[in-house]
Each structure stands twice: as structure tokens, then as C-alpha cells.
Amino acid sequence: MTDAEHQALMETFLSESEEGLLEMERALVGLEAHPGDDELLQAVFRIVHTLKGNAVSLGFSGLAELSHLLED
């Protein structure tokens, strides 16, 4: 992989991660107001699962481990 390809991959990862974390924050705030909302809870799990998968694929073992703990 070239430096330019690696840079593009990192930019994509960071952008998608930031978007996912913002979405997760909205879902968590929503859960405070509506603790029984299964759709919001499932959204949080989907985001964490995606973050974990992306972290694993890029070799970010610490982030993958943290995401796994959050899933549990």
C-alpha cells in the first residue's frame, strides 16, 4: 500500500468513526429520555460493532478490544 493509499484509508476511517460516534452520542442521549427504546439501543450496538470491525481490519487492537468490551 502506498503512502497516499494509507492516508486515504486513515482519512476514511477517521471520518466514518467520527460520524458513528456522533450518531452514538445522539442515540445515548435519546436512551436517557426513552430508556426502553430498543431501536436506539440497537443503533448503539451497530455503531460499536462497525467501529470494532474497522479497527480490527486496520490492526488497531486496543480500539477493537475496547469496542468488544462495549458490546458486552
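Any chance you could give the angle, 0 to 90 degrees and rounded to 10, that helix 38-58 forms with the longest Cα principal axis of the chain?
Tilt relative to the chain: about 20 degrees.
Magnitude of the Cβ-charge dipole of the chain, K/R +1 and D/E -1, about the Cα centre, nearest 20 debye?
120 debye
Just want to confirm a number: the relative contact order over the stretch 21-72, from Cα pairs under 8 angstrom separated by 6+ residues, in percent.
Numbers: 36 pairs, mean separation 15.4, N = 52.
Relative contact order here is 30 percent.
Using a 1.4 angstrom probe, figure out how much accessible area the chain has per residue, in square angstrom, rounded to the nearest whole.
73 Å²
What number, rounded to the nearest 500 deg cm²/dmol, is the helix-based mean residue ellipticity at 222 nm of the chain, given -39500 (n - 2.57) per DSSP H run of at least four residues and division by all its residues? All intermediate terms of the calculation are to be shown ahead of the outcome.
Numbers: 3 runs with 63 residues, N = 72.
After summing the helix terms and dividing by residue count, I get -30500 deg cm²/dmol.
Work from the charge dipole of the chain (Cβ charges, +1 for Lys and Arg, -1 for Asp and Glu, about the Cα centre) and give the residue of 44, 56, 21 farthest towards its positive end.
The listed residue farthest towards the positive side: 56.
Can you give the angle from 0 to 90° between the axis of helix 3-33 and the longest principal axis of the chain, with both taken from C-alpha atoms, to the nearest 10?
10 degrees
Zone of residue 7 (label point 7 Å along Cα→Cβ, backbone N under 20 Å): which residues in the stretch 40-61?
No residue qualifies, since no backbone N sits under 20 Å from the label point.
The values are calculated or read from the model by the stated rules, or taken from the named source; none is laboratory data. As the structure is a computational prediction, the values presented were derived from the model and not from experiment. We place every Cβ from the backbone using ideal geometry, glycine too, and count neighbours over all the protein chains shown. Note: areas computed on protein heavy atoms with side chains; ligands, DNA, RNA excluded. Shrake-Rupley method; radii C 1.70, N 1.55, O 1.52, S 1.80 Å.
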